[in-house]
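The values are calculated or read from the model by the stated rules, or taken from the named source; none is laboratory data. Quick caveat: nothing in here was measured; it's all calculated off a predicted structure. Ideal geometry is used to build each Cβ from the backbone, glycine not excepted, and the neighbour counts take in all protein chains shown. With ligands, DNA and RNA removed, areas are computed over all heavy atoms of the protein, side chains included. Shrake-Rupley method; radii C 1.70, N 1.55, O 1.52, S 1.80 Å.
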Amino acid sequence: QVQLVESGGGLVQAGGSLRLSCASSGRSFSRDLMGWFRQAPGKEREFVAAISWSGGGTYYADSVKGRFIISRDNAKSTVYLQMNSLKPEDTAVYYCARHVRGSYYVTASYDYWGQGTQVTVSS
């Protein structure tokens with residue numbers, strides 16, 4: 001069983017920044033590809049970013065490329081999402097998840113999910 005706990009969400013004005021954290025209890029964390037997804041009210045959960053086990057590979061949705069940065073600290077079993085230049089359309093619940101197989105941008109490719117953290121961007 002793997003527990004993922006997100007933190008760092010909150011209310012921020014457009015143009016501001018937030019850094020989300022996701023702490024994992026998984027023993028295999030240093031070998032896992034990890035992803036961030038988000039879900040806005042009335043919308044499907046969508047891919048935001050993913051990072052390879054070493055941190056050498058990072059992947060982003062077009063909507064956040066150039067504004068968000070995903071990183072990880074394997075010594076702390078934690079993955080981060082630095083969000084800059086936030087827009088009202090970034091408002092959503094943000095989830096981290098552990099990749100198990102398949103395409104990194106598909107929710108079905110992940111087996112464990114955190115409870116989510118709310119990010120609200122005001123205009």
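In the context of the full set of protein chains, the range 1-75 has a per residue accessible area of 54 Å² (1.4 Å probe). Ligands, DNA and RNA excluded, the heavy atoms of Arg38 present near 20 Å² of accessible surface to a 1.4 Å solvent probe.
Could you tell me the center-to-center distance, by alpha carbons, between the range 50-69 and the range 94-115 in angstrom? Result: 14 Å between the Cα centres. Toward the positive end of the charge dipole of the chain, with +1 on the Cβ of Lys and Arg and -1 on the Cβ of Asp and Glu, the farthest Cα among Gly16, Gly102, Gln115 is that of Gly102. Relative to the Cα centre, the charge distribution of the chain, modelled as +1 at Lys and Arg Cβ and -1 at Asp and Glu Cβ, gives a dipole magnitude of about 220 debye. Using a probe of 1.4 Å, the accessible surface attributed to Lys76 totals some 130 Å² when neighbouring protein chains are kept in position.
The 3J(HN,Hα) values that the Karplus relation (6.51, -1.76, 1.60; θ = phi - 60°) gives for the range 2-16 are, in residue order, 10, 10, 10, 10, 8, 7, x, x, x, 9, 9, 7, 4, x, x Hz. Gly and Pro appear as x. Rg and Dmax, both from the Cα atoms of the chain and both in Å, are 13.3, 41. Rg over Rh for the range 69-123 works out to 1.01, using Cα positions for both radii and the Kirkwood form for Rh.
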